[in-house]
Amino acid sequence: MGKKVKKESETPCKETFEPLPVEGKTPATVVLLLSSPEEDILVKACEAIHAFAEKGDENKVSVLGLGALAPLCHLINHNNKLVRRNAVMALGIMATNSDVKNALKKLDVIPSIIDKLSLEEDVVVHEFATLCLASLSVDFICKVQIFDNKGLPPLIQLLSSPDPDVQKNSIEIIFNLVQVTQPREGYNQGFEKTHAFVDLSDLNAEALQVVANCLSDSESFQLIHKGGGLTRLMEFILTPNVSEIQSNAVKCIAKVAQSSENRKLLHEENVEKVLVELLSVADVSVKTATCQAVDAMSFHLASKDSFRDLGGIPAVVQLLNDESLVLKEAATQALSNLTHSNQLNTFAVYEAGGHEILVQQLYGSCPRTVANSAATLGIMAGQEVIRCSILSHGAVQALVEPLKSTNTQVLVNTTQCLAVLACDAEARAELQSAGGLQPLVNLLHSYHKEVLHNVCLAISVCASNEPTAVEMCKFGALEMLQEINQSVNRRSSFSELALISLLNSNLSVKYSLTSHLASSDIISDGFYDAGKVCVCVYATESFVKQKESDDKQKDETQPESPTEKPWKMMDDVSLQLLVKEAKKSILPLSDERGQYAVLARLVSEAMGGAVEMEKLHEFPWVLHLSELKFQLQSNVVPIGLIRRGIYCHRALLFKCLVDSIGMSCTLVRGEYNRAWNEVLLLSGNPSSNGRSSQPCCYIVDLMHQPGSLLKANTSAAVQYQTI
């Protein structure tokens with residue numbers, strides 16, 4: 001099917017995209033690139049998604065889950081011809097999957113696809129546009145949309161296309177459309193007979209059910225509306241009658257409101273006023289059906305505002321106190337939709353005291369009610385004032401039990417709500433004390449993408465508190481996130497964010513796992529190196545201690561538990577003096593390059609001075625550390641006491657001092673006790689146009705020629721980093 005498009009490369013691995021000239025080869029990364037403002041990147045990203053999706057249904061579903069559908073639907077209308085072509089190709093191949101097709105039905109994309117049938121488009125666009133429509137045209141609603149958007153004439157034109165695939169797809173679509181249009185006259189006549197029920201004065205429940213079924217498509221509703229049936233139905237709903245009939249009449253409205261076009265017509269008929277009045281009737285079944293109709297109408301933005309202006313929101317909130325579980329479920333669903341993307345409605349629920357009642361609903365026995373309540377609270381918690389009030393009513397405690405649910409939607413909404421509430425520091429502490437961290441971490445075992453994404457997001461927010469992060473690590477969050485990020489199918493930008501957040505809250509573990517600390521990673525009290533040597537920083541002022549592994553022959557890292565309490569011992573006075581000396585001698589210097597050089601010499605002098613490369617094996621650092629451990633009767637040695645330090649000791653001390661005086665450098669661990677620091681410096685003079693030159697990366701020599709700055713990737717730098 002892709003025979004007309006020349007691909008630059010092929011790969012047998014279905015889990016990765018074709019190579020892109022951008023930083024990103026994972027599906028999640030490439031999907032993000034669909035929002036790039038650069039046309040070249042858009043061309044490549046769409047091409048990569050097409051190639052990835054073409055390899056099987058599993059890949060199509062994966063890309064769907066990553067949110068590629070909406071941006072692709074937007075890009076098929078792009079001004080750039082290549083972007084437009086590649087987007088249509090990706091959308092067409094994805095639409096052959098049933099899950100993608102169902103998702104496309106919810107998007108108003110058919111008019112845009114029909115536009116691509118224009119003879120001005122090239123044959124590749126025709127092929128994949130018709131392929132997409134062929135998949136959609138088996139659905140009745142999509143058939144009507146294709147027909148109503150005048151899709152038939154261009155399809156007939158494409159029967160003369162020189163491309164056999166375009167011809168085949170066009171014939172298939174036309175055949176599917178004929179299944180509806182062929183008996184069109186008999187269909188209309190049959191509906192007119194059904195429509196006669198609406199005009200009967202003795203309208204009964206059974207007739208209303210028939211009408212409700214007939215109203216499931218827009219065309220039927222248009223017929224009933226033109227004949228005055230809608231006005232008659234609205235009048236009938238408000239007439240006191242048998243509750244079953246009134247309930248079924250409202251269900252008709254709810255069914256009609258499933259279509260966006262129908263919702264617009266209903267809004268023009270002021271259906272919101274009718275529904276708000278029905279929220280106060282006595283019958284539970286009528287109120288339940290009304291809440292369902294309110295929920296359906298709330299997909300129309302203007303209707304959301306109408307319900308608020310008519311006082312419908314407080315009325316729905318009051319229904320949360322009803323004893324009927326079915327009514328509570330319908331009311332919470334209506335509130336969830338009413339507040340979605342509507343700040344004024346959110347405050348209306350808040351002013352009606354809805355948030356307090358919704359918190360109590362989290363303890364309910366009905367999973368759907370719990371899920372709806374969590375969804376609404378999560379939306380409302382986006383407003384800081386409301387979030388504080390929600391938390392004051394015990395929302396965090398109430399969310400703990402739902403975290404243990406087996407219901408997927410409960411888990412999706414609960415974790416999403418928790419991620420918003422956990423922005424508050426007190427909420428994070430409360431979650432920990434309420435025992436909510438363990439069930440949250442346990443959900444990392446989930447294979448449901450949305451659940452896993454939300455859990456990772458919640459963990460990344462909670463990890464901003466070090467005690468909370470340590471507790472989550474205790475429950476295995478770190479190991480599970482590492483496993484997830486090694487899985488092609490389960491990893492995502494959310495899981496990567498969660499892992500980074502946990503590591504950033506515990507730099508000791510980050511250094512142990514990644515062997516790298518960025519310049520933005522500031523060493524503070526409690527830091528330790530959990531590799532071949534472990535270094536701890538705590539006490540009152542940048543107190544660094546070093547704990548050496550018992551087995552110095554092993555090259556593997558030997559991490560300590562991230563929850564292990566820092567070793568207690570005396571203050572490192574020597575280090576404090578070094579920090580003081582660094583501030584005194586370095587900060588007054590105006591030249592940044594000179595600052596790093598002077599600090600490097602200070603570190604070298606503190607740890608035994610320069611050592612010639614040829615005599616490195618004679619440097620007695622191992623014996624020195626053994627003597628210190630013996631004197632202290634401890635494996636934990638304050639780094640300020642070390643007078644004979646090798647690469648790893650000097651690099652750590654340099655990083656500690658740099659961070660203490662507000663400068664910037666990295667800390668990178670190599671093999672065999674090697675470690676080094678990288679700094680960024682501008683090289684040379686500003687260019688003739690006045691702009692500064694690009695910064696260059698340098699390795700700081702702390703061992704052989706202290707103060708020398710070795711340009712990265714040069715032979716001198718490589719020699720310093722290796723044996």
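The values are calculated or read from the model by the stated rules, or taken from the named source; none is laboratory data. Note that the structure is a prediction, hence the values are computed from the model and not measured. Heads up, the Cβs are rebuilt from the backbone with ideal geometry, glycines too, and the neighbour counts pull from every protein chain shown. In case anyone asks, the SASA skips ligands and DNA or RNA and just uses the protein heavy atoms, side chains included. Shrake-Rupley method; radii C 1.70, N 1.55, O 1.52, S 1.80 Å.
Using every alpha carbon pair in the stretch 59-183, what percent of pairs falls into each 10 Å bin from 0 up to the bin containing the largest distance?
Going out from 0 Å in 10 Å bins, the stretch 59-183 shows 14, 49, 32, 5, 0 percent.
Quote the FRET efficiency, to the nearest 0.05, computed for residue 573 versus residue 35 with a Förster distance R0 of 41 Å and r equal to the Cβ-Cβ distance.
So the FRET efficiency works out to roughly 0.15.
When the dipole is taken about the Cα centre of the stretch 287-371, and only Lys, Arg (+1) and Asp, Glu (-1) are charged at their Cβ, what size is it in debye, to the nearest 20? Working shown, then result.
On the way: 5 positive and 8 negative charges, 30 e Å.
The dipole magnitude comes to about 140 debye.
Which of the pairs 81/449; 60/255; 55/168; 255/449; 251/404; 44/711 have their Cα atoms more than 28 Å apart in this structure?
Pairs exceeding 28 Å: 81/449; 60/255; 255/449; 251/404; 44/711.
Can you send over the solvent-accessible area of residue 235, 1.4 Å probe, protein chains only, in Å² to the nearest 10?
Roll a 1.4 Å probe over it and residue 235 shows about 100 Å².
When the scattering of the stretch 298-369 is computed by the Debye formula from its Cα atoms alone, each counted once and equally, what is log10 I(q)/I(0) at q = 0.14, 0.24, 0.25 Å⁻¹?
Log10 of I(q)/I(0), two decimals: -0.38, -1.07, -1.14.
Compute the distance in nm between two label points, each set 7 Å from the Cα along the Cα-to-Cβ direction, one at residue 515 and one at residue 58.
About 3.2 nm separates the two model spin labels.
Only residues of the stretch 484-525 count here: report those whose backbone N is under 20 Å from the spot 7 Å along Cα→Cβ of residue 722, or say none.
Under cut-off, by backbone N: 515-516.
Using the Kirkwood formula over every pair of different C-alpha atoms, what hydrodynamic radius in Å results for the stretch 338-434?
On the way: mean 1/r = 0.0772 Å⁻¹.
So the Kirkwood estimate lands at 13.0 Å.
Can you tell me how the stretch 239-279 classifies by the Cα gyration tensor, rounded, prolate or oblate, using a/c under 1.5 as the rounded cut? Don't skip to the end; give the middle numbers.
Details: a/c = 2.92, a/b = 1.62, b/c = 1.80.
Oblate.
Which sequence of 683, 460 reflects their accessible areas, 1.4 Å probe, from the largest down?
On the way: 683 35, 460 15 Å².
The ranking, largest first, comes out as 683, 460.
Under a point spin-label approximation (7 Å from Cα along Cα-to-Cβ), what is the residue 634-residue 583 distance to one decimal in nm?
Calculated label separation equals 2.4 nm.
Suppose R0 equals 51 Å. What FRET efficiency, 1/(1 + (r/R0)^6) with r the Cβ-Cβ distance, do residue 242 and residue 106 give to the nearest 0.05? Could you put the intermediate results ahead of the total?
Details: r = 36 Å, r/R0 = 0.70.
Calculated transfer efficiency: 0.90.
If a/c stays under 1.5 just call it rounded; otherwise compare a/b with b/c (prolate if a/b is bigger, oblate if not). Do that for the stretch 408-489, with a ≥ b ≥ c from the square roots of the Cα gyration tensor eigenvalues. Can you show the working numbers first?
On the way: a/c = 1.93, a/b = 1.27, b/c = 1.52.
Taking the square roots of the gyration eigenvalues as a ≥ b ≥ c, the stretch 408-489 is oblate.
Considering every Cα-Cα pair within the stretch 263-308, what fraction, in whole percent, is farther apart than 12 Å?
Values: 572 of 1035 pairs.
Percent of Cα pairs beyond 12 Å in the stretch 263-308: 55.
How big is the stretch 609-709 on each of its three principal axes, counting only the C-alpha atoms and giving the largest first in Å?
Principal extents (largest minus smallest coordinate, Cα): 62, 32, 22 Å.
How many percent of the alpha carbon pairs in the stretch 272-398 exceed a separation of 20 Å?
When every Cα pair of the stretch 272-398 is considered, 35 percent fall beyond 20 Å.
Please give the length that would be gained between residue 672 and residue 168 if that part of the chain were fully extended, namely 0.36 nm times their separation in residues minus their C-alpha to C-alpha distance (nm, one decimal).
Contour length minus Cα-Cα distance gives 174.9 nm.
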